[in-house]
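Novice: Okay, handing you the structure first.
No value in this document is a laboratory result; all are computed from the given coordinates. As the structure is a computational prediction, the values presented were derived from the model and not from experiment. Ideal geometry is used to build each Cβ from the backbone, glycine not excepted, and the neighbour counts take in all protein chains shown.
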Amino acid sequence: MVLLMVPGVVFLLAFFYLPVLGNVVAFQDFQPYLGIMHSEWNGFTNFVNLYANPDFWDALRNTLILAGAQLLLFFPIPIGLALIVDSLVSNRVRRWFQTIAYLPHFLSWVLVVTLFQQSLGGAGFVNNLLRQAGLDPIPFMTNPDTFPLLVVAQLVWKDAGWAMIIFLAALTTVDVSLYEAAAADGAGRWRRLWHITLPSLRTVIVLLLILRIGDILSVGFEQFILQRDSVGPGAAEVLDTFTYYAGVVGGDWSSGAAAGLAKGVVGALLLWGANSLAHRLGEPGIFQRRGSS
Amino acid sequence: MINRRRFLQVSGAAVVAGSTLAGCGDGGTAGGGAKASGDLKLPTYKPFAGLQPDLPGAESGLEPGFLRFPANATASVKAPPLKNAVTALTETFATPPPPMGSNPMWQALNQALGAELKLTIGTDPGYPEKFATLLASDSLPDLMWLPPNQGIPNIGPMLEAKFQDLTKYLSGDAVLEYPNLAALKPASWRTAVVNGKIWGAPIPSTPFGQVMMGNPRTWEKVGGLQSANAEEFFAKCKELSNGTNYALEPAIINMLHMFGEWFGAPNGWRVNADRSLTHLYETENYRAAVEYAAKLWAAKVFYPDLNLADATPKTVNGQIAAQVVVGPRATADFRALDPTLFVDTLIPFGHDGKAKPVYDMGYGTVGFTPFKQTDEGRIRELLALMDYLSAPFGTKEYLQKNFGVEGQQYQLDAQKNPVLTKAGTQQAPGLVSALTIMTSPESVIFNPAFPDDTRKIHATEQKLLEFAMRNPTAGTYSDTSSKVGPKLTAAFRDTIVDIVTGRQKIGAYDEALKRWKSGGGDKMRGEFAAVLPAGVPVTGS
């Protein structure tokens with residue numbers, strides 16, 4: 001048993017826990033040619049500078065807006081999809097639907113953005129049709145105001161089918177006799193959904209919601225860096241791209257690390273907060289307090 | 001001849017900013033380092049004697065032209081330079097080449113060098129990241145190409161900490177031991193001087209900066225690419241943009257660079273009569289160019305997909321009418337796609353038809369290649385390698401490096417010009433690009449199958465030189481610019497692109513300028529002004 005755990009533990013140690021130590025560069029004026037051992041320590045200077053940097057706050061604001069949009073608009077969709085798939089009677093149709101829905105998950109963001117660019121972009125299929133019809137093109141891909149919607153649309157297209165799988169699995173655990181009993185008592189389709197299906201899914205929904213909230217500051221990286229030029233950093237600069245531009249590209253590794261560390265701390269606090277809230281509502285959450293059942 | 005266009009396009013606009021490229025000037029600090037660099041004796045210049053160009057070059061930057069490859073290429077080195085294998089980090093701007101094991105051209109080069117040349121080949125973009133990661137890993141290759149304008153920060157202290165001071169081996173007459181390195185011009189060598197020391201052989205490139213090129217078949221409909229003033233150019237662009245055809249490629253910063261020249265904006269910094277400096281961004285001229293670009297954008301003459309990676313194929317097929325490339329020699333890139341096409345190069349004009357335009361010359365090199373710290377024997381071996389790889393146009397070594405082996409990677413055409421064979425076109429481009437970005441002789445104009453192109457390019461260069469302006473801070477150094485320059489430029493450009501594309505009003509310009517100045521721009525100005533060479537001409541009122 002212990003032996004079986006070894007590869008997993010080593011993997012986690014090597015690729016997740018050890019790199020965490022690298023965060024010390026957030027308290028240094030790190031220079032790659034000096035290394036961690038010889039770079040100068042500068043205490044909280046990087047964090048103070050970050051606090052004074054309006055670009056950081058813009059990136060944080062964008063991150064929160066985009067995370068909010070994802071949470072509101074994306075999160076319910078896999079649940080809906082799972083319910084639809086679950087209601088399909090024909091096994092064949094069901095399998096087809098499922099496959100088509102989750103395949104896009106395996107495409108990289110470069111391909112997804114290119115696909116959107118080719119169909120909705122300024123020189124894309126839809127706008128070229130509009131032009132031929134003598135109409136004005138619509139700036140789907142370049143309007144910073146509607147950027148959150150575009151991003152969510154891409155995310156739904158790519159990942160909703162994949163996220164559906166977990167709910168589908170949860171649905172298979174619902175006791176069929178409950179439906180039969182309810183139907184016998186005259187409960188219609190919607191009542192059964194409301195009183196049986198959704199309550200059965202509640203634990204999973206809350207669990208995923210908590211995980212999502214803990215991760216809320218990671219809205220994605222490639223998706224935004226690829227589209228940053230089209231809508232401008234005013235709409236597309238998120239914490240991860242900020243870290244990349246300030247740290248890796250700008251050569252200011254330490255402030256990049258400081259931004260990353262701040263993000264991690266806030267994420268941990270959110271996770272803890274959401275979990276506590278779940279406990280208060282009587283849900284098991286992601287881990288349980290000792291003593292509670 | 002070798003394609004550096006994309007490298008310079010990506011970073012070429014940095015030449016306008018004049019901030020990032022200052023990373024490789026002389027002097028580690030604004031004070032002492034610059035003085036030390038002044039005291040340094042540059043390597044003695046002794047041009048390669050064996051060759052007369054058909055069209056002469058000049059001190060002004062005019063490149064010598066060759067109508068055909070010299071017959072009976074001479075050898076410029078006496079013996080193979082290497083006894084032991086050498087590792088190097090470099091970058092390719094073509095498709096990466098087949099690896100050494102399955103690349104006969106690479107193997108033939110190793111044979112000629114005397115030992116294996118093991119290249120780690122980065123791709124574009126991403127080189128600075130690769131460079132920084134390798135630097136932090138502490139297991140450096142023998143040679144690492146150091147680009148001047150991709151924003152590698154804090155070059156001075158980095159060189160002192162990790163790389164080899166080569167002054168002893170190259171300064172003054174010492175360089176004569178390496179004749180091909182002695183054939184590099186003093187202006188090129190200045191690139192490789194930091195903190196008053198020489199850190200490697202410079203990599204000369206075309207001294208010309210960006211130009212606008214247009215497909216003459218497209219521009220024919222509106223009377224040609226050349227225009228008398230900005231209004232005329234605007235009207236032509238509008239007429240050319242209809243349906244799915246557009247006048248201009250969507251590289252906004254590069255296009256803006258061209259407009260700035262018409263409006264008389266300086267190359268990086270303006271030198272005022274009292275020898276104080278005004279940055280490009282602070283001039284009314286550049287601001288006017290931004291407004292002009294916004295007007296063009298609003299008229300929908302730019303290709304609408306800002307992510308377009310390379311406009312060249314679209315310019316060739318006529319969907320885009322004009323694009324910005326580096327140097328008049330870039331006509332060859334269009335010829336490569338369509339042998340019947342010779343694109344037209346726009347000569348800058350005054351925005352109102354009266355004002356004198358400027359033409360911004362480029363940086364002239366693509367940096368230098370420093371050595372890992374090592375002992376004297378190894379240093380001499382590596383210098384001999386650089387000497388071999390810097391062999392001038394027309395030599396045996398040049399042929400070996402760029403074309404491989406006759407009968408295998410190239411053959412001679414009717415005019416005795418080397419032309420790549422089918423095997424050559426697979427093995428050469430990625431490898432040659434990786435080699436020439438880290439080592440190069442002084443540049444020449446040469447278009448093997450099209451000698452007439454060489455004549456025309458030579459003539460275009462002379463026209464551009466009439467308006468030529470050089471960055472006054474080139475070859476000097478500012479700590480602040482080296483440290484925060486790349487970040488400040490990026491932030492300012494973000495705002496400019498916002499303004500041009502209508503996402504922000506022109507009022508945002510002042511706010512961005514204020515941030516640029518307080519973020520380090522003012523400090524940079526002071527540091528550059530303090531070391532401004534006496535020979536730099538006044539360019540402002």
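Novice: Cα gyration tensor of the range A:84-170, axes a ≥ b ≥ c as square roots of the eigenvalues: rounded (a/c below 1.5), prolate (a/b > b/c) or oblate?
Specialist: Prolate, because a/c is 1.5 or more and a/b exceeds b/c.
Novice: Also, I was wondering about something else. Take A:N23 and B:L176, extend 7 Å from each Cα along the Cα→Cβ direction, and tell me the distance between the two endpoints in nm.
Specialist: Between A:N23 and B:L176, the simple spin-label model gives 6.2 nm.
Novice: Over all pairs of distinct alpha carbons, what does the Kirkwood formula give as the hydrodynamic radius of the range A:32-93, in Å?
Specialist: Value: 16.5 Å, from the Cα pair sum.
Novice: Across peptide A:20-32, what mean number of C-beta atoms from other chains lies inside 10 Å of a residue's C-beta?
Specialist: Going residue by residue through A:20-32 and averaging, the value is 2.
Novice: May I pose another question? For an R0 of 35 angstrom, estimate the FRET efficiency from the Cβ-Cβ distance between A:R94 and A:W194 and round to the nearest 0.05.
Specialist: 0.95
Novice: Treating the range B:47-150 as a set of equal point scatterers at the Cα positions, no solvent, please give the Debye-formula log₁₀ I(q)/I(0) at q = 0.13 Å⁻¹.
Specialist: -0.77
Novice: Between B:S518 and A:L277, how many nm apart are label points set 7 Å from Cα along the C-beta direction?
Specialist: 3.6
Novice: Still on this structure: What FRET efficiency, computed as 1/(1 + (r/R0)^6) with R0 = 25 Å and r the Cβ-Cβ distance, is obtained for B:Q226 and B:Q415, rounded to the nearest 0.05?
Specialist: Efficiency, from the Cβ-Cβ distance: 0.20.
Novice: Distance between the C-alpha centers of the range B:413-479 and the range B:173-224? Whole Å please.
Specialist: Here the answer is 9 Å between Cα centres.
Novice: Still on this structure, please answer the following. Under 17 Å between alpha carbons, and skipping anything fewer than 8 positions from B:K238 in its own chain: which aspartates and glutamates qualify?
Specialist: Of all the aspartates and glutamates, those that pass the test against B:K238 - Cα under 17 Å, at least 8 places apart if same chain - are A:D136, B:E220, B:E249, B:E291.
Novice: Determine the distance separating the Cα centre of the range A:238-260 from the Cα centre of the range B:104-130; give it in Å without decimals.
Specialist: A separation of 31 Å, based on Cα centres.
Novice: A follow-up question, please. Take each of the peptides B:523-535, A:223-235, average the number of other beta-carbon atoms within 10 Å over its residues, and list them starting from the highest.
Specialist: Result, highest mean Cβ count within 10 Å first: A:223-235, B:523-535.
Novice: Right, next: Label the range A:167-268 by shape, choosing from rounded, prolate and oblate, from the square roots a ≥ b ≥ c of the eigenvalues of the Cα gyration tensor; if a/c is under 1.5 it is rounded, and otherwise prolate applies when a/b is larger than b/c, oblate when it is not.
Specialist: prolate
Novice: Compute the FRET efficiency between A:D215 and B:Q111 as 1/(1 + (r/R0)^6), taking r as their Cβ-Cβ distance and R0 = 45 Å, and round to the nearest 0.05.
Specialist: 0.25
Novice: Can you tell me which of B:200-209, A:77-86 comes out highest on packing, and rank the rest after it, using the mean Cβ neighbours within 10 Å?
Specialist: Sorting B:200-209, A:77-86 by mean packing, highest first, produces B:200-209, A:77-86.
Novice: A follow-up question, please. How large are Rg and Dmax for the range B:422-480 when only the alpha carbon atoms are used, in Å?
Specialist: Spelled out, the Cα radius of gyration and Dmax of the range B:422-480 are 17.3, 49 Å.
Novice: Straight-line reach from B:K396: which lysines fall under 17 Å, measuring Cα to Cα and dropping same-chain residues less than 8 apart?
Specialist: Partners found: B:K78, B:K416.
Novice: Helix by helix, which DSSP H runs in chain B go 24 Å or more along their axis at the Cα atoms and have an average Kyte-Doolittle hydropathy of -1.0 or more?
Specialist: Length and hydropathy pass: B:479-500.
Novice: State the dimensionless ratio Rg/Rh of the range B:392-442 (Rg: radius of gyration of Cα atoms; Rh: Kirkwood radius).
Specialist: Ratio value, two decimals: 0.96.
Novice: Next question. Rg (Å, one decimal) plus Dmax (Å, integer) for the alpha carbons of the protein assembly as shown?
Specialist: Cα radius of gyration and Dmax of the protein assembly as shown are 30.1, 104 Å respectively.
Novice: Quote to one decimal, in nm, the extra length available between A:A182 and A:N128 on full extension: 0.36 nm per residue of separation minus the C-alpha distance between them.
Specialist: Length difference between fully extended and current span is 14.1 nm.
Novice: Please list, by residue number, everything in the range B:120-153 whose backbone N is under 17 Å from a paramagnetic label point 7 Å out along Cα→Cβ of A:V248.
Specialist: Only B:122-137, B:150-153 pass the distance filter.
Novice: Once you keep just the Cα pairs under 8 angstrom separated by 6 or more residues, what percentage relative contact order results for chain B?
Specialist: Relative contact order of chain B: 28 percent.
Novice: Another question, if that's okay. Computed over the Cα atoms, what is the radius of gyration of the range B:236-300 divided by 2.2 N^0.38 Å, N being its residue count?
Specialist: Normalised Rg, Cα atoms only: 1.35.
Novice: Relative contact order of the range A:5-78, please, whole-number percent, based on alpha carbon pairs below 8 angstrom and at least 6 residues apart.
Specialist: 17
Novice: Additional query: Normalising by the residue count of the range B:179-293, find the relative contact order in percent from Cα pairs under 8 Å and 6+ residues apart.
Specialist: Dividing the mean separation by the residue count of the range B:179-293 yields 15 percent.
Novice: Still on this model: Listed here are the pairs B:K118/B:K483; A:K263/B:K487; B:K130/B:K162; B:K356/B:K487; B:K314/B:K463; B:K162/B:K401; which of them are more than 23 Å apart at the Cα?
Specialist: As for pairs spanning more than 23 Å Cα to Cα, those are B:K118/B:K483; B:K356/B:K487; B:K314/B:K463; B:K162/B:K401.
Novice: What does the convex hull of the Cα atoms of the range B:297-428 come to per residue, in Å³, rounded to a whole number?
Specialist: Expressed per residue, the convex hull around the Cα atoms of the range B:297-428 is 232 Å³.
Novice: If you project the alpha carbons of the range B:173-241 onto the principal axes, what extent comes out on each, in Å, largest first?
Specialist: Projected onto the principal axes, the Cα atoms of the range B:173-241 cover 60, 25, 19 Å.
Novice: For the range A:233-293, what percent of Cα pairs sit more than 15 Å apart?
Specialist: 61
Novice: Another question about this same structure. Filter the DSSP H helices in chain A by two things, a Kyte-Doolittle mean of at least 1.0 and an axial alpha-carbon span of 27 angstrom or more, and list the hits by number.
Specialist: Span-like helices here: A:147-172.
Novice: When each pair of different Cα atoms in chain A is counted once in the 1/r mean, what is the Kirkwood radius in angstroms, to one decimal?
Specialist: After inverting the mean inverse Cα-Cα distance, the result is 22.5 Å.
Novice: Need the C-alpha centroid separation for the range B:484-541 versus the range B:52-77, integer Å.
Specialist: Using only Cα atoms to place each centre, the spacing works out to 40 Å.
Novice: I'd like the mean, over residues of B:300-306, of how many other protein chain beta carbons sit within 10 Å of each residue's own Cβ.
Specialist: Going residue by residue through B:300-306 and averaging, the value is 5.
Novice: Classify chain B as rounded, prolate or oblate from the Cα gyration tensor: take a ≥ b ≥ c as the square roots of its eigenvalues, call it rounded if a/c is under 1.5, otherwise prolate when a/b beats b/c and oblate if not.
Specialist: oblate
Novice: Taking the mean number of other Cβ atoms within 10 Å as a proxy for protection, how do you rank B:502-511, B:381-390 from highest to lowest?
Specialist: B:381-390, B:502-511
Novice: How long is the gain from B:K505 to B:L465 if the chain were fully straight, where each residue apart is worth 0.36 nm and the alpha carbon distance is subtracted?
Specialist: Stretched out fully, the B:K505 to B:L465 stretch lengthens by 10.8 nm.
Novice: Looking only at other chains, what is the average number of their beta-carbon atoms within 10 angstrom of each beta-carbon in A:246-253?
Specialist: 6
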